[in-house]
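What follows is a single structure, written as structure tokens, with notes after it.
Just so it is clear, none of the values below were taken in a lab; they were calculated from the coordinates. All figures in this text were calculated on a predicted structure; none of them were measured in a lab. Cβ sites come from the backbone with ideal geometry, for glycine too, and all protein chains shown count toward neighbours.
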Amino acid sequence: MITVENLKKEYKLVKRDPGLKGAIKSLFNRKYETKHAVKGIDFSIEQGETVGYIGANGAGKSTTIKMLTGILTPTSGKVTVNGLVPYENRQKNAVNIGVVFGQRTQLFWDIPVRESYNLLKHIYEIPEHEYEETIGMFTEVLNLEPLLGIPVRQLSLGQKMRCELAAAFLHRPSVVYLDEPTIGLDIAVKVKIRKFIKEMNQRWGTTVLLTTHDMQDIEEICDRIIIIDGGTILYDGGLDEIKKQFGQKRVIHFELADKEKFVLPASLDGQVELLPNEEETKVSLSFDHETVKSSFVISEMMSMYEIGDLNIADPKIETIVEELYNKQEQGGKHEEILANS
Amino acid sequence: MRKYWQIAKGRMQENTAYSAWYWAGTVSAVMRLLIIYFFWQAVYANQTTIQNINLETMLTYIVIAMLLQGFVGGVGNELAENIKDGQVAIQLMRPYDMIFKLFAVDVGSKIMYLIQGTIPMVLIAYFFMDLSFPKSPETIILFALSALIGIWIGTFFDFLVGVLAFWTVNVWGVRVLKESLITFFSGALVPITLFPDWLRIITEFLPFQAMVYLPVSIYSGLITGTEAYMALGIQLFWLVSLYVLVRVIWTQAIKQITIFGG
Amino acid sequence: MRRYTRLYWEFAKSHMKVMMEYRIDFLIGVFSVMLEQFASIFFVKVVFDHIEQINGWSFYEILFIYGIAATGRSIHQIFFDNLWTLGWQYIRPGKLDRLLIRPVNPLFHVVADRLHQDGFGQLIIGLIILGTAIPQLDLVWGAAEIGMLVIMIISSGLIFVAINLFFATFSFWMIDSLPIVWAVFNMSDFARYPLTIYHKGIRMFLTWVVPYGFTAFYPAAYFIDKSGYKEFALWTPVAAIVCCVIAYAFWNRGLKAFASTGS
Ligand SMILES: Nc1ncnc2c1ncn2[C@@H]1O[C@H](COP(=O)(O)OP(=O)(O)OP(=O)(O)O)[C@@H](O)[C@H]1O
Ligand SMILES: [Mg+2]
């Protein structure tokens, strides 16, 4: 239902020298810098998928989402959503989509939340009975009851985000774009929001495209992830696959009676890496799951030291993504900015 | 004192950054001059004097009044915004007297306005409209003094209006109200001597005429001699009264913040 | 069209509810605007206490010009006031995105986002002025004249709207064009007096470039025979439509530019 082919976005920035002199100079002789925010990406998403769209700051996530919603016109390439080209049929496309930009509100600032929803009902022409039903359900799941009478500007961030999310799903859109919906929220609200998104996806088959910097969001909501870096796609596939593909690293934490005397057993030398661990009684060992078995590492350790407790860490998506970003950095292909005048 | 001067200087620098507003202000001022000029030309088309004021004196009065009115505002707007967004509570913790700080800011913007706005306007007005200069140096000194006091009266009044933001939400409406009161009663549009008697008497008991009418009348020769000194006396009275009022109300307002949290 | 009318009504209802919560502020707003207008009329009155006419126009004739401008402007101020805020409330903080993801015309949305209470003061004073001036004019009022007056006032309002929309649209390229909008809006002060008192260049400018002449002087001149502009005044509604078309086309261009720069 969403297809993106060779999609590119270049921003043109006026380059300015600092100070008054720079401002005057730029009046006569404008220098432009071209910023390649998205450099030809391809993907397609089926109805009902939950996709995590992740990448470092400035990777081009929000830019992509803006192009998918029709707010931004691509420099080149193709986008279709439900068979529509968003930036050409922006208003028609808008009927089928819901959007949350975590950094700014979509609701009406000065009027109570309930009034906001009522206006949205008219804007999206939601039938009355459907509206009642949806609102009733959202109020319960997201605990909105106490918030409905308050103007948006008086809500806390977490309260606002709950209201925001309900607004995005109110007209039962077929796709919902969530750009950092959990930014700045506490754990309890995050959990509530994740649950809500999942439930909507299951109940209505809503396609979800989610960007976030919290990998827990991804693990709990998404079946698939797309990783973007410097405007190009690094990885596109299932969440499980990426763990298999990149997540062979295992880490085991051991609690020792006496950490002072610890040296890596000779039998593990070269195969196992000692990770720095702040805690006074703990030692962390990292190794490749394919070549060394966890049971072997554990038995070697037990034979040499007195182990109080041990803990095998899951391969976390977090660590995987971090490694991917790091590799990319070191790869050093980062000349995105081509200056010309 | 040094501290406040630095604040004023900071504001002067800031103001140079808003060049779009500067040009917009200049264009608007030139348009106002044009309207004034053609309007009064038309008014005087069939007579040489109105209440003993000839066209030249009238134009001089109106133009100087318009220029002076540009200084009569103050920091009320900024104060109201600070109150609305809760900045006041933060500012109160800073090591300066907030009233003096706001006035310093105001002085900064007024100096900039004088250099960028008023002086060019005065030049335009003198070249194209034939305004008259005061005859004697005494008048010039009296006018300068009177204008300075008038400006401060306006500043204090503006402050008082700004403080109202503690008690009302529609800050914009209150400002419009204040602007119309001043435009009307300060004599910025037309010399107060032209008012019907009953209104002139009311006006003489209000502080607004001390902002524009008195100084400009001294300048254009509508008030001379001992009357001019009396005018200064009236101004001083308003200056002191309004300052006391500023201090009293501000103390009340601070209580409001510290007790009710703004 | 019907959909938008209904939608506007819904928007207006919620604004009204908020307004009623702040009743005092509503009254302050209405009262201040009335006083503001009253001050400038009183100025004219004071001048006319000492003279008979300005350029052949009597006090009540000038009042009539003034009344048309004030009533026309109230249409603009009540319903379209939010255009002022396009730069600092929508584009600068990135809130325009919010409108672009909705299935409604973004201009409609910006306009409907606010109903300006203080405009009602303008409307009231405008009607009072017209009510005072009209009986003093040497005119016969039939249905045709009243109909024409209504058309003229609406045209006047539309021209105010079109001019503001046109200059507010610059915000799409320069983030906030408020200073320009403000400076241009101040030109409408020229329209308070008969255009015939001004230099020819100014008259041309206010007729063909920034047509504030059509917000007050020409519409009033239609009703006052001696003005010599009776026929020309008939172009007022045409001017209003042309202005709106141009401004709206320009707005659409701005929106397009915005969609490709994204800032
Ligand atoms: N309106 C704009 N004009 C110019 N450059 C822009 C604009 N918006 C974004 N950029 C640039 O494009 C690049 C991609 O930005 P984008 O907002 O898409 O990143 P992101 O992946 O959403 O990052 P984040 O995680 O920080 O939200 C950045 O380098 C940014 O500086
Ligand atoms: Mg982003």
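A few remarks follow.
- Cα centroid separation - the stretch A:148-172 against the stretch A:109-125, whole Å: 11
- Of A:Lys78/C:Lys95; A:Lys15/B:Lys101; A:Lys61/A:Lys92, those spanning more than 30 Å from alpha-carbon to alpha-carbon: A:Lys15/B:Lys101
- For the stretch B:2-261, the relative contact order is 27 percent, taking Cα pairs closer than 8 Å that sit 6 or more residues apart in sequence and dividing their mean separation by the residue count.
- For A:Thr73, residues with placed amide H under 5 Å, excluding near neighbours: C:Ser260
- The relative contact order of chain C, computed from alpha carbon pairs under 8 Å that lie at least 6 residues apart in sequence, is 24 percent.
- Chain A, relative contact order [Cα under 8 Å, separation at least 6], %: 21
- Longest stretch of chain A clear of exposed loop sites (trypsin sites (Lys or Arg not before Pro), DSSP loop, at most 16 other Cβ atoms within 10 Å, sites excluded): A:105-258.
- Per-pair calculated FRET efficiency, R0 = 25 Å: B:Glu81 and B:Trp5 via Cβ, rounded to 0.05: 0.60
- Averaged over the residues of B:35-45, the number of partner chain Cβ atoms lying within 10 Å of the residue Cβ comes to 6.
- Coil-residue chymotrypsin sites (Phe, Trp or Tyr not before Pro) of the stretch B:146-207, DSSP, other Cβ within 10 Å capped at 10: B:Phe205
- Centre separation in Å (Cα based) which lies between the stretch C:62-104 and the stretch C:150-222: 15
- Too-long pairs where the Cα-Cα distance tops 31 Å, listed order kept, from A:Lys192/B:Lys84; A:Lys160/B:Lys9; A:Lys198/A:Lys243; A:Lys261/A:Lys293; B:Lys9/C:Lys256; A:Lys39/A:Lys243: A:Lys192/B:Lys84; A:Lys160/B:Lys9; B:Lys9/C:Lys256
- The stretch A:233-285: GluC sites (Glu not before Pro) in DSSP loop, at most 13 other beta carbons within 10 Å: A:Glu260, A:Glu278, A:Glu279, A:Glu280
- Partners of C:Lys230 within straight-line reach, counting aspartates and glutamates whose Cα lies under 18 Å from its Cα and excluding those fewer than 8 residues away in the same chain: C:Glu61, C:Asp138, C:Glu145.
- Euclidean distance of C-alpha centroids, the stretch B:51-129 and the stretch B:203-226, integer Å: 18
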